[in-house]
Amino acid sequence: MNALEQSYIYGTSPLPKNAFAQPFNAYILGKPVSHSLSPLIQNTIFQRISKWTFYPKETTDVSHFQKLLDEDTCIGTSITMPNKLSFQPALSAITDEARIMGSVNTTFVRLDASGKRQYIGTNTDCVGTRDAILQKVPDAESKSRGKPALVVGAGGAARSTIYALWKWFEPSEIYVVNRLESETQTLIESFRRVAPDLRIRSLNSIEEGRAVAAPFLVIGTVPDYAPVEDGEVLCRKIVEEVLENASGRERGIVADMCYSPSVETFLYCLGVKNGWEVVSGVEIVVRVCIAQHVLWLEREPDEQGVQEALDAVLKVMGAEKV
C-alpha cells in the first residue's frame, strides 16, 4: 500500500469533482521560510494542472496554523522548523511514519464519516529520500539489501533517513557518523524501541571507518559547513576514510540532503571524486515536495512537471543539471 492509499485510512477525499479548476491553497509554515524552495517547486507543478497556489507563511503561532487549516480552500500544509513538533496538537491524527521519526513536515485533509474535516500529520522526508535515490538508481532497493549503509548526522533528518533505510532498503547494518556521541546514542535508543531488529552502530574513529565493510548507501543529513569543532573534524575524516577506502569494493550511492549554499556539497563532490553514484539535495527536496503533492492532489505526479520543478530550482541556485 502506497502513501496515497494509506491516507484514506483517515477518511475520504475532500476534493470536489472540479477541484483543479477551483482556487485551493496550500501553505508552508515556519520561521524563517524566505529561503524555502517549496513555493517554487509546488507552484511550478500546480500551475501545470490546476488553479491551486502554494503560499509561504512565516509564523510559529499554532492558532494561525489552526485558522489556515479551517479554511475550506486549504488542502494541506508543509511544516518546517521550528514547528514540526509544536503544531502537532492542532492535528486530528499522526501517521506511524511521523510518530516514529518524531516530527511532522506535512498535513493533508480527509473527511470523516460525517463529512467533518480531519487534519492528518505525516512526514514525507523518508519518501522523498527513497524516491530521489530510486529515480537515479532504479534497482537500488535490491542492490542495497543485506549490505551496510552509512548516515552522516544524528538529528531529525537522520531519523527520517534511517526510517527510509529500514522500511525500503533493508541494510544489514547502519553506521552513524556524528559529531556528538550522546546524540547518536539517543537516536539509536529511539529506534531500538520501534525496530529492535535494526542494527545501528556508531563509528567513532578513523580506524573503525577503515575496518568496517563498505556501505552501499551513504546519506548525508548535516549542513555543509567547514568543520570547526573536534567532533566535526573527526566526523569528516571518518566519512572520507569510508568513501575513499573503496579500492576493490563495489561503489554504491552517495546522497546528500543538504543543498545550500551549493548543490555540490563536500559530500557530493567526495562521492563524485571517488566514483560513487551521487544524488543531490535538490533532487531529494523536489521529491519530498512531490510526496506532499501526491497527498494533496490525490494523484501521481506528472514527471514532466517534476523535471520542470527541478530545472527551475537549479536555475535559481545557479547550478547546472545534476
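Pairs of Cα atoms nearer than 8 Å and 6+ residues apart set the relative contact order; for segment 1-119 it is 32 percent. Volume per residue of the convex hull around the Cα atoms, evaluated for the chain, comes out as 133 Å³. The trypsin sites (Lys or Arg not before Pro) found in segment 113-152 that occupy coil by DSSP, while having at most 10 further C-beta atoms within 10 Å, are K116. Near T80: Cβ cut-off under 14 Å, other residues only, Lys/Arg at +1 and Asp/Glu at -1. The net charge is +1. Axis of helix 38-49 versus longest Cα principal axis of the chain: the two differ by about 50°, to the nearest ten degrees.
In segment 127-279, the alpha-carbon atoms span a convex hull of 100 Å³ per residue. Computed from Cα atoms alone, the Kirkwood hydrodynamic radius reported for segment 12-168 is 17.0 Å.
A Förster radius of 30 Å combined with the Cβ-Cβ distance from A195 to E141 puts the calculated FRET efficiency at roughly 0.95. Of the chymotrypsin sites (Phe, Trp or Tyr not before Pro) in segment 189-227, the ones in a loop by DSSP (not H, G, I, E or B) with at most 12 other beta carbons within 10 Å are Y225. The gain in end-to-end length when the A226 to V272 segment is fully stretched comes to 14.7 nm, 0.36 nm per residue minus the alpha carbon separation. Annotation: extensible slack from D61 through S13 equals 14.5 nm (criterion: 0.36 nm per residue apart, minus Cα-Cα distance). Once backbone amide H atoms are built at 1.01 Å from N, V176 has V151, R201, S202, L203 as its partners under 5 Å, excluding neighbours fewer than 5 places away on the same chain.
Go through S36, T221, L111 and say which Cα lies farthest out towards the positive end of the charge dipole of the chain; charges sit on Cβ, +1 for Lys and Arg, -1 for Asp and Glu. Result: L111, furthest along the dipole toward the positive end. Distance in nm between label sites at L180 and E300, each 7 Å beyond Cα in the beta-carbon direction? Each label point lies 7 Å from its Cα, and together they span 4.2 nm. Among the trypsin sites (Lys or Arg not before Pro) found in segment 49-80, those both in a DSSP coil and sparsely packed, with 13 or fewer other Cβ atoms within 10 Å of their Cβ, are K51.
Charges were assigned to the Cβ only: +1 to each Lys and Arg, -1 to each Asp and Glu. The resulting dipole of the chain about its Cα centre is roughly 520 debye.
Can you tell me, using C-alpha contacts under 8 Å and at least 6 residues apart, the relative contact order of the chain as a whole percent?
Once divided by the residue count of the chain, the mean separation gives 17 percent.
Modelled this way, with points 7 Å down the Cα-to-C-beta line, the labels at E170 and D72 are 4.9 nm from one another.
Here segment 241-322 was treated as a single set of alpha-carbon atoms; its pair distances binned every 10 Å from 0 give 17, 40, 28, 13, 2 percent. In this structure, the amide hydrogen of L217, modeled 1.01 Å from its nitrogen in the peptide plane, lies closer than 5 angstrom to those of L150, I253, counting only residues at least 5 positions away or on a different chain. Derived from the Cα gyration tensor, the three semi-axes of the equivalent ellipsoid of segment 79-179 are 29, 17, 10 Å, largest first.
First check a/c for segment 32-72, with a ≥ b ≥ c the square roots of the eigenvalues of its C-alpha gyration tensor; if it is under 1.5, answer rounded, and if not, answer prolate when a/b is larger than b/c or oblate otherwise. Oblate.
In a fully extended conformation the segment linking M317 and S86 would gain 80.1 nm over its present Cα-Cα distance, using 0.36 nm per residue.
Read-outs: derived from the displayed coordinates by stated rules, not from any lab. Here the structure is a predicted model, which is why all the values come from computation and not from measurement. Positions of Cβ are generated from backbone atoms using ideal geometry, with glycine treated the same way; all protein chains shown enter the neighbour counts.
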